[in-house]
Structure formats: C-alpha cells, structure tokens
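The values are calculated or read from the model by the stated rules, or taken from the named source; none is laboratory data. Everything numeric here is computed off the predicted structure, so don't read it as measured data. We work out accessible area using only protein heavy atoms, side chains counted, and drop any ligands, DNA or RNA first. Shrake-Rupley method; radii C 1.70, N 1.55, O 1.52, S 1.80 Å.
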Amino acid sequence: MKDLELIAVAQHSKNIKKGMRNLLILIVLCIVLMIVARLFYEGRVHEAIVYRKGARINAEVGWPATLFSIGSWGLVAFPLFLVYLFFKQDLKQPAVGVSNEGLFINQQLLRKAFVSWDNIEHVELRGHISNPILRVFFKDVDVLLKGQFFIFKSIAKATLKSNPSLGISKDEAVGDLVSMFDFIKEKGVTVQDRMDGRTKI
C-alpha cells in the first residue's frame, strides 16, 4: 500500500474469514473420508476393466474406492481455493479506505489497489440506508490494475473490461459507506445518490 493517510476505512466482512474457515473444515472432512475409505478397502474393493469415453482402463471398483476418490479430489481442489482466498486480499489492511488523494481498495477483484480521484468516472450510492451499496466506476482499468499480481490481474481485467465498476456493500466491507460517499462528493468526483431512506445532502 502507498503511504496514504486514510481518513475513513471499512474493515473486511467476517464472511471472508468464515469462508476460509469453511474451506478448512472441508479439507479436514476430505482427509477423514480418505481414512475411512482405506479402513474398509480390504474385501470391498476390486480391480475391474471399465470404459470411459471409449477408453478401456483398469480401475478400482467399490464404495470405499469411490469415497477415497472424492476425498482425494477435494484435497486437491479445496486447498487451492483456500490459497486463492488467502492471497486475494491482504486481510491485515482495511477493505476500503478514503484519503485526500483517492480510494484504497483491498477486496473482491483488487488487492491493495489505489485509485486516484482522476481515474474515477463517477460513484453511485444505491440501496437502502440500512444496507448501502457504494458502486465505483473506473475510467482506466489498466491503470487501476497496475502492480496487481499477474494471475489476479488477468481475472480482474477480464471482468472489469466489460463492466469497469466495483460494488461495495456490507457483505464485503464493514464501515460507514454513506460517510465515505459524502467525502468523495466533497472531493469533486461526479456522484449519483440513489439511496432510499435518507435525506439527500
């Protein structure tokens, strides 16, 4: 992160850590499935010739083999998802922050990204006062993604090219998004207040 003096911040939603915890539980469950399957292998699994997509292969047949196969696939996939979630954002930094120079965004498609006010086309405040949604529209996606890790950059670029905007709600960030919107408005950025349930400023 640049040496920014953040005036207001929103922290990461607990949903992110909850998702990581659920993945850890699934990884443990896969290990347990594989252990249980191995305990019942003898006498319940035999080799057989099977045909898959026209190919003739030798395979182990029986419910313990199926259970072991499911567990092993999960043990490959779920850790990859966990690594992805872990590196996608820096959870030690705020999810969103505003400074006099621009926005700090560290969530969803962006990790510790800084977007200056002049690269923001406009900002909208949507939803209801009880559940505000701040949507930021960007002018230059390439500038926004500069410095992002190449794998995440490719994913983000593919998504943002068709819709160069990012929606921020309490599902992603916990903080006063309405006050942030008002501060952005004071910085001269084009804004649209579409929120229900509050008196427009």
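Summary table
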| item | result |
| --- | --- |
| HN-Hα J in Hz across segment 116-128 - Karplus 6.51, -1.76, 1.60, θ = phi - 60°, x for Gly and Pro | 6, 4, 6, 9, 10, 5, 6, 10, 10, 10, 10, x, 10 |
| Heavy-atom SASA rank of 40, 68, 152 (probe 1.4 Å, accessible area, largest first) | 40, 68, 152 |
| Interchain or long-range residues, amide H under 5 Å from residue 8's placed H | 98 |
| Hits among aspartates and glutamates - C-alpha to C-alpha of residue 146 under 20 Å, sequence gap 8 or more where chains match | 3, 90, 101, 118, 121 |
| Global form of segment 159-199, assessed from the alpha-carbon gyration tensor, a/c cut-off 1.5 | oblate |
| Largest-first ordering by accessible area, 1.4 Å probe, given options 81, 181 | 81, 181 |
| Accessible area, probe 1.4 Å, largest first, for residues 170, 92 | 92, 170 |
| Calculated Rg/Rh (Cα atoms, Kirkwood Rh) (choose from (1) 0.98; (2) 1.18; (3) 0.94), label | (2) |
| Exposure of residue 111 as accessible area (Å², to 10), given a probe of 1.4 Å and all protein chains | 70 Å² |
| Value at 222 nm in deg cm²/dmol, rounded to 500, when DSSP H runs of n ≥ 4 in the chain each add -39,500 (n - 2.57) | -13000 deg cm²/dmol |
| Of 92/170; 18/170; 112/170; 157/185; 161/187; 139/185, those spanning more than 22 Å from alpha-carbon to alpha-carbon | 157/185; 161/187 |
| Dimensions (Å) - segment 8-76, Cα atoms, principal axes, largest first | 64, 31, 12 |
| Euclidean distance of C-alpha centroids, segment 26-64 and segment 69-110, integer Å | 33 Å |
| Gain upon complete extension [residue 150, residue 186; 0.36 nm per residue less C-alpha separation] | 9.5 nm |
| Reachable aspartates and glutamates from residue 88, criterion Cα separation under 20 angstrom, eight or more residues apart if same chain | 142, 171, 172 |
